[in-house]
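J.: My questions all concern the structure below.
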Amino acid sequence: MSEPLRGVIVSHAAVAQALLAAVAAITGVNDALVPVSNDGCDTGALAERLTQAIGGKPAVLFVDLPGGSCLTSSVRLARGKTDMAVVTGVNLAMLLDFVFHRDLLPADAARRAAEAGSRAIRTPAA
Amino acid sequence: MSIALYRIDDRLIHGQVVVGWGKPLNVGFIVLVDDAVRASTWEQELYRMGVPAGIDVVFASTAEALACLPDWKRDPRVGLLVTGDIDTLATLAGDSQRVPRINLGGLHHRPGRAPRLRYVYLSDVEAAQLKALAARGIEVTAQDVPTAPPVPLEDFT
């Protein structure tokens, strides 16, 4: 794939913006992710925000919850498109992995990100 | 029990409905009344994804909801009914005997609508519809989450 994937973080309130700031602070990568909040949106308005954030480029949509308006709008938009994939349960670990693996196909990048995010969830002895 | 909440929310089933209201009300079933969603199994799966396993989801058309509302009201579990627009709930309401109160949970910006509250945008026609429902004896308030105070209709129309 010639063009690196774009990551779009789709969240309630300011979670997406905060995750983007954290990724930039840790990696120095500023151009891989775009934040989208569902604040004040019905499904139509959120779809417009998402379309604008995706910008017609191949993308992975990182959604905060596995249900709700962020998910429904994202899945509707990605349905039937090979240049778009959706991951739910976004966390910082999956985004950190994603920004360094943007040369994959969207579906492969989504699977890889989901695995990286899952591996980060632990209950270490304290 | 009965239907504990009749909600108008253009996001239909989402976090505020399932978690915000569903948890404190101990909801056992959610009825989504929407003709378009009722006609699409794919859309239904999408909305079901956000609902925990212990809560049943019923997808109904407006006509089906009119027929089934008495059964849902007799259900021993706590129910929550949501529609995406005022028209649908007004059709169901008929009079205050069927729907005693309406919760406006989210109607967002569209052309022709003006902001009334942070999460309620209404056209003049929609505001008049809500006033007409109130005139039938139905209590109409806006309240996005249960921890927020309900806002009486007269305060935003």
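J.: To one decimal place, what orientation-averaged projected area in nm² is obtained for the convex hull of the Cα set of the protein assembly as shown?
T.: Numbers: hull surface 67.6 nm².
Averaged projected hull area, Cα only: 16.9 nm².
J.: Using the 10 angstrom Cβ neighbour count as an exposure proxy, how do B:117, B:46 rank, fewest first?
T.: On the way: B:117 16, B:46 20.
The most exposed by this proxy come first: B:117, B:46.
J.: When the label point is put 7 Å from the Cα of residue A:120 along its Cα-to-beta-carbon vector, which residues of the range A:73-101 have a backbone N closer than 12 Å?
T.: Hits in the range A:73-101 for residue A:120 at 12 Å: A:89-100.
J.: Give a residue-ordered list of calculated ³J(HN,Hα) values for the range B:137-146 (Karplus: 6.51 cos²θ - 1.76 cosθ + 1.60, θ = phi - 60°; whole Hz; x for Gly, Pro).
T.: For the range B:137-146, the Karplus curve yields x, 8, 7, 10, 9, 9, 6, 6, 10, x Hz.
J.: Hey, in the GNM for chain A with a 10 angstrom Cα cutoff, which one of A:43, A:27, A:72 fluctuates hardest?
T.: For chain A, modelled as a Gaussian network with Cα springs under 10 Å, the answer is A:27.
J.: Still on this structure, I have one more. Using r as the Cβ-Cβ distance of residue B:71 and residue B:114, and R0 as 30 Å, what FRET efficiency do you calculate, to the nearest 0.05?
T.: Numbers: r = 38 Å, r/R0 = 1.27.
That gives a FRET efficiency of 0.20.
J.: Any idea what the dipole of the protein assembly as shown comes to, in debye rounded to 20, about its Cα centre with Lys/Arg Cβ at +1 and Asp/Glu Cβ at -1? Intermediate values should be presented prior to the final figure.
T.: Details: 27 positive and 30 negative charges, 86 e Å.
Dipole of the protein assembly as shown, to the nearest 20 debye: 420 debye.
J.: Right, something else. Pull out a ≥ b ≥ c, the square roots of the eigenvalues of the alpha-carbon gyration tensor of the range A:1-72, then state rounded if a/c is under 1.5, prolate if not and a/b is larger than b/c, and oblate in the remaining case.
T.: Values: a/c = 2.09, a/b = 1.30, b/c = 1.61.
Note, shape of the range A:1-72 comes out oblate.
J.: What percent of all Cα-Cα pairs in the range B:1-104 falls in each 5 Å bin, counting up from 0?
T.: Each 5 Å bin holds this share of Cα pairs: 2, 13, 27, 27, 21, 8, 1.
J.: For every other residue with a beta carbon closer than 15 angstrom to the beta carbon of residue B:145, add +1 if it is Lys or Arg and -1 if Asp or Glu, then tell me the sum. Write out the running numbers ahead of the final one.
T.: On the way: positive: B:7, B:11, B:23, B:118; negative: A:39, B:9, B:144.
Cβ neighbours under 15 Å give a net charge of +1.
J.: So, one more: If all Cα-Cα distances of the range A:21-120 are sorted into 5 Å bins from 0 onward, what percent lands in each bin, rounded to whole numbers?
T.: 2, 13, 24, 26, 22, 10, 3
J.: Using a Förster distance of 22 angstrom, determine the FRET efficiency expected from the C-beta separation of residue B:53 and residue A:47, and round it to 0.05. Present the calculation step by step, with values, prior to reporting the outcome.
T.: On the way: r = 28 Å, r/R0 = 1.29.
Here the calculated transfer efficiency is 0.20.
J.: Please give the calculated 222 nm ellipticity per residue for chain A, where each DSSP H segment of at least 4 residues contributes -39500 (n - 2.57) and the sum is spread over every residue; nearest 500 deg cm²/dmol? Mind showing how you got there, number by number?
T.: Working: 5 runs with 56 residues, N = 126.
After summing the helix terms and dividing by the residues of chain A, the value is -13500 deg cm²/dmol.
J.: Taking each pair of different alpha-carbon atoms in the range B:75-151 once, compute 1/r for the pair, average those values, and report the inverse of that mean as the Kirkwood hydrodynamic radius in Å to one decimal. Can you show the working numbers first?
T.: On the way: mean 1/r = 0.0758 Å⁻¹.
It is 13.2 Å.
J.: Then there's this: Just to be sure I understand: of the beta bridges DSSP finds with both ends in chain B, what percent are antiparallel, rounded to 5? Mind dumping the intermediate values first?
T.: Details: 5 of 28 bridges.
Of the beta bridges lying entirely in chain B, close to 20 percent run antiparallel.
J.: What does the net charge come to around residue A:3 if you take all other residues with beta carbon closer than 14 Å to its beta carbon, with K and R at +1 and D and E at -1? Walk me through the intermediate numbers first.
T.: Details: positive: A:6, A:57, A:102; negative: A:31, A:83, A:103.
In short, 0.
J.: Give the average, rounded to an integer, of partner chain Cβ atoms located within 10 angstrom of each Cβ in B:75-85. Write out the running numbers ahead of the final one.
T.: Working: counts 0, 0, 0, 0, 0, 0, 0, 0, 0, 2, 0.
Going residue by residue through B:75-85 and averaging, the value is 0.
J.: Once amide H atoms are built 1.01 Å from N in the peptide plane, which residues 5 or more positions from residue B:139, or in another chain, come under 5 Å H to H?
T.: B:101, B:102
J.: Where Lys and Arg each count +1 and Asp and Glu each count -1, what net charge lies around residue A:15 among other residues with Cβ under 11 Å from its Cβ? Intermediate values should be presented prior to the final figure.
T.: Values: positive: none; negative: A:39, A:64.
That sum, taken over residues with Cβ under 11 Å, equals -2.
J.: What FRET efficiency, computed as 1/(1 + (r/R0)^6) with R0 = 25 Å and r the Cβ-Cβ distance, is obtained for residue A:31 and residue A:105, rounded to the nearest 0.05?
T.: Details: r = 20 Å, r/R0 = 0.80.
E(calc), rounded to 0.05, equals 0.80.
J.: Give me, ordered by chain and number, the residues 5 or more places off residue B:58 or on other chains with an amide H under 5 Å from its own placed amide H.
T.: It is B:30, B:31, B:32, by chain and number.
J.: Give the percent of DSSP beta bridges with both residues in the protein assembly as shown that are antiparallel, rounded to the nearest 5. Write out the running numbers ahead of the final one.
T.: Details: 5 of 43 bridges.
In the protein assembly as shown, approximately 10 percent of DSSP beta bridges are antiparallel ones.
Readers should treat all values here as calculations from the given coordinates under stated rules, not as data from a laboratory. This structure is a prediction, so every number in the text was calculated from the model and none was measured. Cβ coordinates were reconstructed from backbone atoms using ideal geometry, including for glycine residues, and neighbour counts include every protein chain displayed.
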